[in-house]
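Working notes for the structure below.
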Amino acid sequence: SDQGRKCLFILLALLASGIVAFPQLFLTFRLASFSNRVNLVEDYAYVGSMSPLALLTLAYPALTSVFRGNNLYLGIHSLFLIIGALSTKEVRKKIFVKIWIILGLLAFLLALGEWSPLYVGLIKISHFYSFRTPAKFLFFICFAGAVLSGYGFQLLSSIKQTKQSSQTIDKSILRFVGFVCFSLFFFCVIFLFFNLTVF
């Protein structure tokens, strides 16, 4: 199918870029072995892990300062477009969409660092402690979100709105708005209780 060919092309492009970049990566690894990051303790690899609570910045970018600059905010329009794109089973079954969802989730699990079983498992298996600030993977999360948002815009601008599909999308958006309003109220109460001035 056309979707399968596109996914195969993406995988081949990733493989080709990895082969081209391998000499530089190998030499960089050799050079890094002479730096002061040799014989580090395991805790060094967890420095700069993203807190799971940083997910709140999806809706409240004002909380960025609380989580050491870790910000997942993509813009409210982008969130609605992603919800619109993923609101139907037909879209979620597309290979192209699945790939970006999986890449986004993997990047999120790696960005969590010490809070993620995946990242901790990779560190314990590889014993590579020189990599720090796993929150750098935020870039890949935001990139995957941008791609899904663009796909949502393309889908919603070309779809023939039937009564059933519009109700499905409207319900998804209403659930999201309800979640945002509830969490805003909840965390406002928490911050007021602890006398924090974030908003």
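Quick look at the numbers
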quantity: Length added when fully stretched, LEU12-LYS93, from 0.36 nm per residue minus Cα-Cα; calculated: 27.0 nm
quantity: CYS7, CYS142, reordered so the largest accessible area comes first (probe 1.4 Å); calculated: CYS142, CYS7
quantity: Rg ratio (alpha-carbon, reference 2.2 N^0.38 Å) - the stretch 10-83; calculated: 1.65
quantity: Lysine-lysine proximity count for the stretch 1-129, Cα under 26 Å, sequence distance 8 or more or distinct chains; calculated: 5
quantity: In order through the stretch 77-84: 3J(HN,Hα) via Karplus (6.51 cos²θ - 1.76 cosθ + 1.60), integer Hz, x for Gly, Pro; calculated: 5, 4, 4, 5, 5, 5, 4, x
quantity: Relative packing of 17-25, 126-134, which averages over residues the other C-beta atoms within 10 Å, highest first; calculated: 126-134, 17-25
quantity: Globularity index of the stretch 1-160, i.e. its alpha-carbon radius of gyration over 2.2 N^0.38 Å; calculated: 1.21
quantity: Unit Cα scatterers, Debye sum, the stretch 16-59: log10 I(q)/I(0) for q = 0.14, 0.23 Å⁻¹; calculated: -0.64, -0.82
quantity: In sequence order, calculated HN-Hα J values of the stretch 133-147 (Karplus, 6.51, -1.76, 1.60; Hz; x Gly/Pro); calculated: 6, x, 4, 4, 5, 4, 4, 6, 5, 5, 5, 4, x, 5, 5
quantity: Note, ³J(HN,Hα) from phi for the stretch 47-53, Karplus 6.51, -1.76, 1.60, rounded to Hz, x at Gly and Pro; calculated: 5, x, 6, 7, 5, x, 5
quantity: In nm, spacing of pseudo-spin labels at LYS124 and ARG68 (7 Å Cα→C-beta vector); calculated: 2.2 nm
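The values are calculated or read from the model by the stated rules, or taken from the named source; none is laboratory data. Because the structure is a prediction, the values reported are computed rather than measured. Note: ideal-geometry Cβ built from the backbone for every residue, glycine included; neighbour counts use all protein chains shown. All accessible areas refer to the heavy atoms of the entire protein, side chains included, with ligands and DNA or RNA removed. Shrake-Rupley method; radii C 1.70, N 1.55, O 1.52, S 1.80 Å.
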